[in-house]
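Sharing a structure with you now.
Here, each number is a calculation from the coordinates, and none is a lab measurement. Since this is a predicted model, take the numbers as computed values, not measurements. Neighbour counts are summed over all protein chains in view; Cβ atoms, including those assigned to glycine, are modelled from backbone coordinates with ideal geometry.
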Amino acid sequence: VHPIESLAQVVDGNELPRLARRVWEVHVDETIRDYIIRLVFATRRHKDLILGASPRGSHALYRGIQAYAALHGRDYTLPDDVKTLAPVILSHRCLIHPESALRGHTHVGILKEIMDATPLDIGELE
């Protein structure tokens with residue numbers, strides 16, 4: 001018996017539209033939205049990147065944190081959601097200068113550097 005035949009269905013296909021709606025309804029505070037935009041913009045100005053993330057990258061990160069929050073049973077996002085997912089979602093959307101790669105710089109390292117240099121004003125979170 002092939003292992004694939006032992007797999008069980010984990011969700012009813014009719015349930016998917018409801019789950020998608022639940023993700024879309026997860027609240028993203030304006031401060032977190034602005035933080036995402038500033039992070040993505042910073043990738044376009046970083047000295048070790050030839051190409052930074054595009055607006056599609058910011059959209060993917062926005063939707064990603066909504067899904068991440070929903071999977072963790074929340075109807076709101078946290079700044080830590082951005083910090084957790086930004087390296088995963090944005091790393092393949094950036095192109096490192098060959099010289100920087102030869103010096104050992106990585107996508108994840110550069111994105112962490114950008115996040116460390118980009119403050120989040122949590123005083124305004126609702």
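Report the per residue volume, in Å³, of the convex hull enclosing the C-alpha atoms of segment 4-81. Please report the intermediate quantities before stating the final value.
Numbers: hull volume 11.4 nm³, N = 78.
Output value, Cα hull per residue: 146 Å³.
Relative contact order (percent) for segment 42-109, with alpha-carbon contacts under 8 angstrom and 6 or more residues of separation? Could you put the intermediate results ahead of the total?
Working: 68 pairs, mean separation 25.5, N = 68.
Computed value for segment 42-109: 37 percent relative contact order.
So how much slack lies between His2 and Glu15, counting 0.36 nm per residue of separation and subtracting their Cα-Cα distance, in nm?
Working: separation 13, 0.36 × 13 = 4.68 nm, distance 2.76 nm.
In short, 1.9 nm is gained.
Okay, moving on. For Ile96, list long-range residues whose amide hydrogen, built 1.01 Å from N in the peptide plane, is under 5 Å from its own amide hydrogen.
Hits under the 5 Å cutoff: Ile50.
In degrees, nearest 10, range 0 to 90: what is the angle between the Cα axis of helix 79-90 and the longest Cα principal axis of the chain?
For 79-90 against the chain, the angle is about 80 degrees.
List the residues whose amide H sits under 5 Å from the amide H of Tyr76, counting only those 5 or more places along or on another chain, with H placed 1.01 Å from N in the peptide plane.
The list, which skips near neighbours in sequence, is His27.
Same structure, new question: Provide the gained length on full extension for the span Ile37 to Ile50, in nm with one decimal, where the gain is 0.36 nm per separating residue minus the Cα-Cα distance.
Details: separation 13, 0.36 × 13 = 4.68 nm, distance 1.86 nm.
Roughly 2.8 nm would be gained on extension.
Return the loop-located GluC sites (Glu not before Pro) in segment 16-102 (DSSP other than H, G, I, E, B) with at most 11 other Cβ atoms within 10 Å of their own Cβ; answer none if there are none.
On the way: sites: Glu25, Glu30, Glu99; in loops: Glu25.
Passing both the DSSP loop test and the Cβ count: Glu25.
Let me ask another. Taking 0.36 nm per residue of separation and subtracting the Cα-Cα distance, what length does fully extending Asp75 through Trp24 add? Provide the component values of the computation, followed by the final result.
On the way: separation 51, 0.36 × 51 = 18.36 nm, distance 0.96 nm.
17.4 nm is the gain from fully extending Asp75 to Trp24.
Related question: Sticking to Cα atoms, compute the Rg of segment 27-120 to one decimal and its Dmax as the biggest Cα-Cα distance, whole number, in Å.
13.2, 43
Still on this structure, please answer the following. If I build a Gaussian network model for the chain, linking alpha-carbon pairs within less than 10 angstrom, which residue out of His59, His27, His72 has the largest mean-square fluctuation?
His72
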